[in-house]
Amino acid sequence: MNLFVKNISQLVTVAARGKKAKTGADMRDLGILTDAGVLCREGKIAWVGPMRDWKEVIPPDISEIDASGMVLLPGFVDSHTHMMFAGSREKEFALRSEGATYQQIAEAGGGILGTIGHVRASDKKSLKRQTVRYMGGMMRSGTTTVEIKSGYGLDMDSEIRMLEAIGELRVEELMNVVPTFLGAHAVPPEYRGRTGDYVSLLVDTMMPYVGKKKLARFCDVFCEKGYFEPGDAERVLLSARAWGMDLKLHADELTSLGGAELAARLGAVSADHLEHVSPGGIAAMKAAGVVAGILPGVSFFLNHGYAPARALIDAGVAVAIASDFNPGSCMSWSMPMMMTIACTQMHVTPEEAITAATLNGAAALGLSAEIGSIEVGKRADLILAGVPDYRFLAYHFGENHVRTTITNGTILEF
């Protein structure tokens, strides 16, 4: 579709100007234009500028949207989710409301392990059906690109089934989907007490298959005590890199275990969570150019400490905001809600939150040359919000302000 969005009251371009990500004070520069227009041709942004500079007559092959009184932004990029799962965990939510901790629930057979049985019993069609429903809700809320991890199967058949399902959704759906292999999400029950043996299964059997079939762009590992400590995590990640995958890491979520330092040493694209990241980890990420993925909804939902977003930004680390949408620790895909929590609880400004949810989210997926800002040549992923000012997105929380979602130049109808 060819499309002209005209008379935009406030155009938030988040212009990257050739940079992969924004850091430091630059995260507050949203490249705002007023009374502006955006022309999209064949799924790409072809022109951006003030309406006074638009001199052409709109040809009949171009549809128009009059955005008077509205704000246009890049589509949100959710760079960390576990949105392909089966079943639900509302019983755990109730237990936490009575004081049970994440670790206590996991030790009692809940948590990640509680979802495994549901996923192992699900066929590909049912996994896709539920995920498509969630994708629809995400797009209605302005998310146009999403990373989806495996990791709820934890055996060869189930992990491959998940990755194949994610790959099919990538082709079949309008949403931009990035697949990540997270076989090292937890040690499955049949390998309890034999973490090394399970790591060998990942490295010797699963990884070669995933790599040869090109089922995942990234490999991720949950680097944490009781899950995969740094030595095992490094073994998995080095194997993934040898099979052509880029690297991500769940780092320093529950304890300060050196996950951020490991991510920096291995050249990971991002290290996510970081609730207990050390000053040395922050410095290492800055030096290596690792994007810090902060997940405000998890800390909110689990009622535990937040990642030091302010320290990360002030240190010059590129910070991305993601939902971590999953059945156990953040049953929400709303990126505006994540932005609100980041602003109110993590001392992130509204401008920084928008940058973190768009351009820097794209950088966390290695895609910032293609998406994440409204610039000529980039994919036409846009959201039109019925608000008078961009700050309303985080300020007026609990309300979906998105009126129109455009992905790859196509107006989505819900």
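The values are calculated or read from the model by the stated rules, or taken from the named source; none is laboratory data. Keep in mind the model is a prediction, meaning the values are calculated, not measured. Backbone-built Cβ (ideal geometry, glycine too); neighbour counts: all protein chains shown. Side chains included, ligands, DNA and RNA excluded: accessible areas come from the protein's heavy atoms. Shrake-Rupley method; radii C 1.70, N 1.55, O 1.52, S 1.80 Å.
Some observations on this one:
- Across the cross-link table entries 91/248; 19/378; 22/248, which are compared at the Cα atoms, the separations over 21 Å belong to 91/248.
- Note on surface exposure: 225, 55, 125 rank 55, 125, 225 by accessible area, highest first, 1.4 Å probe.
- The stretch 1-51, dipole about Cα centre (Lys/Arg Cβ +1, Asp/Glu Cβ -1), debye to the nearest 20: 200
- For the stretch 95-246, the fraction of alpha-carbon pairs in successive 5 Å shells from zero, as %: 2, 9, 18, 20, 19, 16, 11, 5, 1, 0
- Rel. contact order, % - alpha carbon contacts under 8 angstrom, at least six apart, the stretch 115-264: 19
- For the chain, the carbon plus sulfur part of the accessible surface works out to 51%, probe radius 1.4 Å.
- Of 273, 303, 73, farthest towards positive along the dipole that unit charges on Lys, Arg, Asp, Glu beta carbons give the chain: 73
- Protein-only accessible surface at a 1.4 angstrom probe places the residues 299, 332 in the order 332, 299, largest first.
- For the stretch 320-325, 3J(HN,Hα) per residue [Karplus equation, 6.51 cos²θ - 1.76 cosθ + 1.60, θ = phi - 60°, Hz, x = Gly/Pro]: 10, 9, 9, 8, 6, 3
- Counting only heavy atoms of the protein chains and using a 1.4 Å probe, residue 347 has close to 130 Å² of accessible surface.
- In the chain, the longest principal axis of the Cα atoms and the axis of helix 335-345 are about 80 degrees apart.
- Kirkwood hydrodynamic radius over Cα pairs of the stretch 215-255, then Stokes diffusion coefficient at 25 °C and 0.890 mPa s, in µm²/s: 237
- For the stretch 38-144, the set of GluC sites (Glu not before Pro) satisfying both a DSSP loop assignment and a count of at most 16 other C-beta atoms within 10 Å is given as 42, 56, 98.
- A viscosity of 1.306 mPa s and a temperature of 10 °C, combined with the Kirkwood radius over C-alpha pairs in the Stokes-Einstein formula, give the stretch 226-363 a diffusion coefficient of 107 µm²/s.
- Taken about its Cα centre, the chain carries a charge dipole of roughly 480 debye when the Cβ of each Lys and Arg holds +1 and the Cβ of each Asp and Glu holds -1.
- Beta-bridge orientation, the chain: approximately 45 percent antiparallel, per DSSP, counting only bridges with both partners inside.
- Using the rule -39500 (n - 2.57) for each DSSP H run of four or more residues, divided by the residues of the chain, the 222 nm mean residue ellipticity is -9500 deg cm²/dmol.
- Rounded accessible area per residue of the stretch 123-190, 1.4 Å, Å²: 31
- Order of exposure, largest accessible area first, which applies to 6, 248 with probe 1.4 Å: 6, 248
- log₁₀ of I(q)/I(0) at q = 0.26 Å⁻¹ - the stretch 1-76, Debye sum with one point per alpha carbon: -1.27
- Pairs of Cα atoms farther than 17 Å apart, the stretch 274-318, %: 27
- Scattering profile of the stretch 324-390 at q = 0.17, 0.28 Å⁻¹ [log10 I(q)/I(0), Debye over alpha-carbon scatterers]: -0.74, -1.25
- Kirkwood radius and radius of gyration were both taken over the C-alpha atoms of the stretch 48-108, and their ratio Rg/Rh is 1.37.
- The phi torsions of the stretch 88-100, fed into the Karplus equation with coefficients 6.51, -1.76 and 1.60 and a -60° offset, translate into couplings of 7, 9, 5, 5, 5, 4, 5, 4, 5, 5, 9, x, 5 Hz, rounded to whole numbers, with Gly and Pro shown as x.
- Interchain or long-range residues, amide H under 5 Å from residue 13's placed H: 32, 33
- Counting only alpha carbon atoms, the long axis of helix 230-242 and the longest principal axis of the chain meet at about 60°.
- Largest-first ellipsoid semi-axes for the chain, taking √(5λ) over the Cα gyration tensor eigenvalues, angstrom: 36, 22, 20
- The three principal axes of the Cα atoms in the stretch 283-414 give end-to-end lengths of 41, 32, 30 Å, sorted in falling order.
- Working note: Cα atoms of the stretch 242-285, range along each principal axis, descending, whole Å: 30, 19, 12.
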